[in-house]
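Undergrad: Pasting a structure here, questions to come.
Bear in mind these aren't lab numbers, they're just calculated from the coordinates by the rules spelled out. Model, not experiment: these values are computed from the prediction. Quick reminder, even Gly has a Cβ in these numbers, built from the backbone with ideal geometry, and neighbours come from all protein chains shown.
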Amino acid sequence: MRIILKSPRDLEAMRVAGRVAHRCIKRVREQAQAGLTTADIDRLMYETFKGAGGESLSKWYPTYKRGKGFPGETCVSVNDEVVHGIPGPRVLHDGDIVTADCAIRLGGYCIDTAYTVLIGSVRPEVVRMCDVSQEALALAIREIRPGLKWSFIAGKMQHLVESSGYSCVRDFVGHGIGKSMHEDPKVPNVVTDEFKRKQDFILTPGMTLAVEPMVIMGGHEVVTLTDGWTIVTKDHTPACHYEHTIAVTATGCEVLTDGR
């Protein structure tokens, strides 16, 4: 692994980008409602970051060549869609959950954040799943501090989710982030023997991590739809996804996408 530690100047630039990404998510949380399409959700975020001078990290990923790669400015995933949902004509209905995932570059730095929004009257068991996923992210933020191995925190997140009766997605993980969207290290939400042997890392001041628990009501298996991008739960149970970009500091951590 080649983990790039960030300077105070780097972190301040990332926080500036994080404020814009936070505004994107805030706008979706305020305006998402039944009757809007996933393209409308995409537009709300695009207008916000574009107006601030930002650019999408999702559009045409991974090639960044027009006509190839991911076609949306952001990822918008509904119900059993875990991640990488393509914005389009799909209409949101009362009882749906929709994840807005906003990855942007601003001032040469990348930032990544996501939030699952409840549309209207959502079933209590789905609300609880979303609450648990947010609790897992909050747990990570409380626990992150220099000197700890990531597996210690991932294990706590996994225990919280699974003891609550849900599953953590294993095929997709968080990641380092900085001048590139995907940097080392990989940041899983579960602990495996292989991760502990080969990819575990010690939290160090200057690390910047996109931590993103993805929680499924049923089993942890996922599949890719024929569009080549959208990841859905294999058992078609609902899923949610919350994400912050977080900087490790000398005394703990700072959330760079909380709007401060």
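Undergrad: With Cβ to Cβ distances under 13 Å as the rule, what net charge do the other residues near residue 256 carry (K, R +1; D, E -1)?
TA: -2
Undergrad: So which residue, out of 226, 192, 37, gets the largest mean-square fluctuation from a GNM of the chain using Cα contacts under 10 Å as springs?
TA: Top of the fluctuation ranking is 226.
Undergrad: On a straight-distance basis, which aspartates and glutamates could pair with residue 59 in a cross-link, Cα separation under 17 angstrom, same-chain partners fewer than 8 positions away excluded?
TA: Excluding near neighbours in sequence, the set is 40, 42, 47, 73, 101, 112, 227.
Undergrad: While we're on this one: Quick check: residue separation of residue 202 and residue 227 times 0.36 nm, minus the Cα distance between them. What number comes out in nm?
TA: Numbers: separation 25, 0.36 × 25 = 9.00 nm, distance 3.74 nm.
The residue 202-residue 227 span can extend by a further 5.3 nm.
Undergrad: Which residues' amide hydrogens lie under 5 Å from the amide hydrogen of residue 189, considering only partners 5 or more residues apart or on another chain, with H built in the peptide plane?
TA: Amide H neighbours of residue 189: 174.
Undergrad: Could you give each residue of region 186-198 its phi-based ³J(HN,Hα) in whole Hz, using Karplus coefficients 6.51, -1.76, 1.60 with θ = phi - 60°, and x for Gly or Pro?
TA: Values, residue by residue: 6, 10, x, 9, 9, 10, 10, 4, 5, 4, 5, 6, 10 Hz.
Undergrad: Still on this structure, I have one more. Scan [x] 19.3; [y] 12.9; [z] 16.9 for the value of mean projected area of the Cα convex hull in nm² calculated from this model and give just the label.
TA: [y]
Undergrad: Within the set 50/156; 198/234; 6/196; 6/50; 68/156, which residue pairs have Cα atoms separated by over 31 Å?
TA: Going by Cα-Cα distance, 50/156; 68/156 fall outside the 31 Å limit.
Undergrad: Calculated from DSSP H runs of 4 or more alone, at -39500 (n - 2.57) each and per residue, what is the 222 nm mean residue ellipticity of the chain, nearest 500?
TA: Rounded to the nearest 500, the figure is -10000 deg cm²/dmol.
Undergrad: Report the relative contact order of the chain, percent, no decimals, based on alpha-carbon pairs under 8 angstrom and at least 6 residues apart.
TA: Value for the chain: 24 percent.
Undergrad: Would you please give the residues with an amide H less than 5 Å from that of residue 75, counting only those at least 5 places away or on a separate chain, with H modeled from the backbone geometry?
TA: Distant-sequence amide H within range of residue 75: 101, 103.
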